[in-house]
Amino acid sequence: MEKNQSCRHVAIIMDGNGRWAKKQNRERTFGHTIGVENVRNIAIRANDLGIEVLTLYAFSTENWKRPLEEVNFLMKLPEIFFKKFMKELMEKNIRIRMIGEWEHVPQDTRDILERAIRETSVNTGMILNFAFNYGGKREIVLAAQKYAQDVRDNGRALELTEDEFTTYLMSGEYPPVDLMIRTSGEQRISNFLLWEMAYAEMMFLDVAWPEFTTDEFEACIRDFMQRDRRYGGVKA
Ligand code: IPE
Ligand code: IPE
Ligand code: MG
């Protein structure tokens, strides 16, 4: 597909794993296992399409409410993912990054994420950014704290532009989200990238994450290309 500079950052709420598995009389965790395979498929396609940043919602600050057994399973997924696909990610020149708080994440999961970030830091291709123990409100609060600290400790001036505030966010170095996709039929944001999605185009799909195909993903990008983004202005 022709590279379109305006679709730089795609963010996906990978939802519907549990319901998809239940429909097939399988455990919810089976849905997560197949979902991990699909992370690989969609990431590779996004990279091939020339997307600069793909942010995937993997674990929210609210997901700790789930049964301990499921939380433990979700914490094991990075290991499964990187063991299986690290070689391919390197071949594809993909960089791994993460937004979210390391705090509360079990040490072995942290080690795995940190290693993946470190090993792929030499790459120059697409950024595959996992939102892990991530909450949009939390991200904004942490940014506000960092800014306040900068004022107090470094004598930073009080006036603050939107662009300057953005630099205090965990995602501050990435372009704003152009396209947000949520699978599973739910039509809500669930505390995902609140600041970054201020002007994102939204797509809510009925398909569950494990069955969301690379061709459907590409169709979303094509649909996005047809949209008329006005940013509050009028059509020329
Ligand atoms: C998304 O699928 C995966 C995570 C939230 C980690 P769900 O586990 O939310 O699946 P449903 O939405 O209950 O079907
Ligand atoms: C959002 O899905 C979080 C992730 C996909 C990681 P949830 O399934 O947790 O969201 P709700 O509970 O339906 O809002
Ligand atoms: Mg869900």
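State which residue is surrounded by the fewest Cβ atoms within 10 Å (Cβ to Cβ) when the search covers only the stretch 65-89 and only residues that are within 16 Å of ligand 3 (Cβ to nearest atom) and within 18 Å of the chain's Cα centre (by Cα).
Here the answer is 74.
I'd like to check something: does the stretch 210-227 contain any residue that is at pLDDT 95 or above, within 16 Å of ligand 2 (Cβ to nearest atom) and either open to solvent by 50 Å² or more (accessible area, probe 1.4 Å) or not aromatic (Phe, Trp, Tyr) (or both)?
yes
What are the residue pairs meeting all of these: first residue in the stretch 168-185, first residue over 12 Å from residue 198 (Cα atoms), second residue among the polar types (S, T, N, Q) and open to solvent by less than 20 Å² (accessible area, probe 1.4 Å), Cβ atoms under 8 Å, and 6 or more apart or on different chains?
171/55; 171/129; 174/55; 174/129
Identify the residue in the stretch 1-53 that is among the polar types (S, T, N, Q), part of a helix (DSSP H, G or I) and farther than 18 Å from residue 220 by Cα and, among all such residues, is nearest to ligand 1 (Cβ to nearest atom).
By that ranking, first place goes to 17.
If you scan the stretch 77-121, which residues turn out to be among the basic types (Lys, Arg), part of a helix (DSSP H, G or I) and free of Cβ contacts under 8 Å to residues at least 40 places away in the same chain?
Within the stretch 77-121, 83, 87, 110, 115, 118 meet the criteria.
Looking at the stretch 24-60 only, could you name the residues that are open to solvent by less than 40 Å² (accessible area, probe 1.4 Å) and within 16 Å of ligand 3 (Cβ to nearest atom)?
Once the filter is applied, which keeps residues that are open to solvent by less than 40 Å² (accessible area, probe 1.4 Å) and within 16 Å of ligand 3 (Cβ to nearest atom), the stretch 24-60 yields 31, 32, 35, 36, 38, 39, 56, 57, 58, 59, 60.
So is residue 143 in contact with a strand residue (DSSP E or B) (Cβ under 6 Å, 6 or more places away or on another chain), crowded, with 19+ Cβ neighbours inside 10 Å and at negative phi or not?
Criteria not met by residue 143.
Can you tell me which residue is farthest from residue 185 (Cα to Cα) among those in the stretch 6-59 that are among the aromatic types (Phe, Trp, Tyr) and in contact (Cβ under 8 Å) with a residue 40 or more places away in the chain?
59
Here's the yes/no breakdown for (1) in contact with a Gly (Cβ under 8 Å, 6 or more places away or on another chain); (2) part of a loop (DSSP other than H, G, I, E, B):
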| residue | (1), (2) |
| --- | --- |
| 168 | no, yes |
| 185 | yes, yes |
| 192 | yes, yes |
| 197 | no, yes |
| 202 | no, no |
| 216 | no, no |
| 223 | no, no |
| 230 | no, yes |
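Whether any residue in the stretch 104-114 is closer than 25 Å to residue 167 by Cβ, of a type in the set (Ser, Thr, Tyr) and open to solvent by less than 20 Å² (accessible area, probe 1.4 Å) is what I want to check.
Checked against the condition, which is being closer than 25 Å to residue 167 by Cβ, of a type in the set (Ser, Thr, Tyr) and open to solvent by less than 20 Å² (accessible area, probe 1.4 Å), the stretch 104-114 yields no hits at all.
Pull up the stretch 141-167, narrow it to residues that are closer than 30 Å to residue 209 by Cβ and in contact (Cβ under 8 Å) with a residue 24 or more places away in the chain, then point me to the one that is farthest from ligand 1 (Cβ to nearest atom).
This residue is 166.
The values are calculated or read from the model by the stated rules, or taken from the named source; none is laboratory data. On a predicted model such as this, the values are computed, not experimentally measured, just so you know. Positions of Cβ are generated from backbone atoms using ideal geometry, with glycine treated the same way; all protein chains shown enter the neighbour counts. With ligands, DNA and RNA removed, areas are computed over all heavy atoms of the protein, side chains included. Shrake-Rupley method; radii C 1.70, N 1.55, O 1.52, S 1.80 Å.
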